[in-house]
Amino acid sequence: MIRVSIRVKQIAGVTALVGLVVVLLSVLHATRLARLGLHESEARGRLLASAIFHRVSQLVAVSPDPDAAIRNDPGLLALLQSSIYGESITDAAIVDRAGVIVAHSDPSRVGLWLDPRPDMVALLDASAWQQLRVIYGGTSSVHDVRQAMTLDDDEFGSIRIGVSTLLLREELNAALGPAFVTAAIALGASVLLAGVLAQLLLRPIHVIRSGLTRLGRGEFGVTLDLPPGDEFGDLGTSFNSVSQQLSADRSALADQKASLESAVDSLEDAVALFTPDGGLLFANPGMRAVLPPDPVGQPIASLFPAGHPFRQLVEETLETRRSLGPQPVTLGADDLGAARTAGDEDEGSRDERLLVTHAIPGGDGVLVGVLLVARNLSYLSQVQSTLAYSRKLAALGRLTAGVAHQVKNPLNAMMIHLELLRAKADTPEAREHVDVIAGEIRRLDEVVQGFLKFTRPEELRLEAVPLAPLLAEMRPVLEADAERLGVAIVVDCPSTVPHVRADRGMVYQALVNLAVNACQAMPSGGTLRITAVAAPGRRVEVRVADTGVGIPPEHLSRIFDLYFTTKDHGSGIGLSLVYRIIQLHDGEIDVESTPGRGTTFRVRLPRAEEGQA
Ligand code: ADP
């Protein structure tokens, strides 16, 4: 079927309407003009006939031979011949009772028989339509305007004035010409006007169409700019609210999809979704690791070799349309496909998996897909070992709490006795030793307090802590070690550094641990530099940097592990405690080290709010 646009229809409609009106008016105009032309011609004929009759009456009255007088009178001939100047009149004749021409505007026809011609009066009485047909009919004709000539009530002849329809037609055409030009101009103008009107009226439809196209393409927040006040305006308002709703729904859906994808992506388990004909629809990174590149859309047969446990289970599920598993499998190096690496092969890599398939039914019970989940059992065992680790940590916490309690009382007693000893020390040297012992006892006490806090993190007492005095307090504790090892201590904490929101005692302990480690890493001297600066994200960064032996790369990932130590008499507790404390403060710690050059620990803690400072 031919598609006709609204625009064309509208233009055609308006043009047809205007054309019809123009044609009707033209026909009406033409019939009026025809009637007028006929009446005018008849009147002219009648006037001429009266003038001729008057002359004939004069001739008949005075002449003894009226016939000869009529035939030879030059005045009458002139009158008869004046007929050809009448616009639609062709001839004028005087005929006798028998119909023979007595006088004629064309003298050569005198004495001939005048053919009978239709009467003009009959044409004047005819309907407008018939008049038009006579004038515009195929053959032209001549109609007579007749006047009888009587003498003493005796009709002796008649005057015939011929009116030609052909001449009338020409006269009419000349009058109608301008009317047709006007009609043609009106038609042309109406087509133009209809075009412009269609353009104006159809603009909203174009706007709506482009809006719908953009909406279809998935654009968000599409709105239509249609002026209110008419039906299109109402349509625009409805469109905008639907588009808004659609955008909200879409973004909610996109959010859901994104969070679902990120959840599935971060799964340790390998997840894949297959279509009912076995094509891969989706695979998470865990699954992609065992698949060839660009796996989506490929049939399962080209993804896994025959006999592969994944393929077997999915094919069985597609066949039986039932969920299968859990089925424990051990993947060999061959089964691991893309995930296999040279290192894995060396160790004869084996991967424990628990396979489950879900046959996903559609609304009408037809299978719409198969979900394959390969649970990573080695990950589970990892989690288990982490759990065991946590339990160990908790046990250690309880143990240290007990030990700390036991250690606290002897520490107090030692402190009292040391004060007594100080009173008895009589040399400055002896007093100095007492001071060092007192300092160490205090440090021991702090460690014990720290352990107690470590085991009861809920007792974290957060306050705004200025770092400068805290760092200054560390110096005497470090100095004994530093002096012995030839380490210079540089503390740089400008007064502009904001306070941190922290438990003062815990942060002090963490920083002392880092600094003591740093000193110990410089057995042949060096510089310990402790710097505090404001950091982005409303944080404060404390750097503890040494120029010591550094940490070998293979140790870097283990130094925060509990009990990890490389020292002969080390406990391996210091850094794990530091890590725990920073974690409790919602802070971060990282380390950078170059063996032989030194190590820098960076601790970032939250800033205290302005009011708190
Ligand atoms: P410990 O000091 O008892 O060994 P830590 O947990 O404090 O326990 O430290 C663990 C290990 O980290 C240390 O044995 C050492 O090998 C390494 N380490 C820590 N700090 C530094 C440092 N500043 N430079 C070099 N190695 C360090």
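The values are calculated or read from the model by the stated rules, or taken from the named source; none is laboratory data. Bear in mind the structure is a predicted one, so any value in this text is a computation, not a measurement. When we count neighbours, we look across all protein chains shown, and the Cβ atoms used for this are built from the backbone with ideal geometry, even at glycine. Keep in mind that these areas ignore ligands, DNA and RNA; they rest on the heavy atoms of the full protein, side chains included. Shrake-Rupley method; radii C 1.70, N 1.55, O 1.52, S 1.80 Å.
Taking 8 Å as the Cα distance limit and 6 or more residues as the minimum spacing, I'd like the relative contact order of the chain as a percentage.
This gives 7 percent for the chain.
Counting only heavy atoms of protein chains, what accessible area per residue, in Å², does the chain have with a probe of 1.4 Å?
The answer is 57 Å² per residue.
Can you tell which of A482, G279, I11 lies farthest toward the positive end of the dipole of the chain, using +1 and -1 charges on the Cβ of basic and acidic side chains (Lys, Arg; Asp, Glu)?
The residue sitting most towards the positive pole is A482.
Return the carbon/sulfur percentage of the accessible area of the chain, one whole number, probe 1.4 Å, all protein chains in place.
The C+S portion of the solvent-accessible surface of the chain is 59 percent.
Helix check for the chain. Which DSSP H runs span at least 20 Å along their own axis by Cα, with a mean Kyte-Doolittle hydropathy no less than 0.5? Show your work: numbers first, answer last.
Working: long enough: 6-62 (83 Å, 0.94); 165-216 (70 Å, 1.12); 231-265 (49 Å, -0.35); 377-424 (68 Å, 0.19); 428-455 (40 Å, -0.20); 467-485 (26 Å, 0.32); 504-520 (24 Å, 0.58).
Taking the DSSP H segments of the chain (at least 20 Å long, mean hydropathy at least 0.5), we get 6-62, 165-216, 504-520.
Run the dipole for the chain about the Cα centre, Lys and Arg Cβ at +1, Asp and Glu Cβ at -1, nothing else charged, and hand back the magnitude in debye, nearest 20. Could you put the intermediate results ahead of the total?
On the way: 57 positive and 72 negative charges, 223 e Å.
That gives the chain a dipole magnitude of about 1080 debye.
May I ask you to derive the relative contact order of region 4-93, considering only C-alpha pairs under 8 Å and at least 6 residues apart, and to give it as an integer percent?
21
To the nearest 20 debye, what charge dipole does region 492-550 have about its Cα centre, counting +1 at the Cβ of each Lys and Arg and -1 at the Cβ of each Asp and Glu? It would help to have the intermediate numbers written out before the result.
Details: 6 positive and 4 negative charges, 44 e Å.
The calculated dipole for region 492-550 is roughly 220 debye.
Give, as a single signed number, the net charge of other residues whose beta carbon lies under 14 Å from the beta carbon of Y563, with Lys and Arg counted +1 and Asp and Glu -1.
+3
Choose one of S158, P553, L20: the residue whose Cα lies farthest towards the positive end of the charge dipole of the chain (beta-carbon charges +1 Lys, Arg; -1 Asp, Glu; about the Cα centre).
It is P553.
For region 155-296, what is the charge dipole size about the Cα centre, in debye to the nearest 20, if Lys and Arg each add +1 at the Cβ and Asp and Glu each add -1 at the Cβ?
580
Subtracting the Cα-Cα distance from 0.36 nm times the residue separation, let me have the gained length for D115 to E479 in nm, one decimal.
Stretched fully, the D115-E479 segment lengthens by 115.5 nm.
Using Cα positions and a limit of under 16 Å, work out the aspartates and glutamates in reach of K424, with same-chain residues fewer than 8 apart set aside.
By straight Cα distance, K424 reaches E432, D435.
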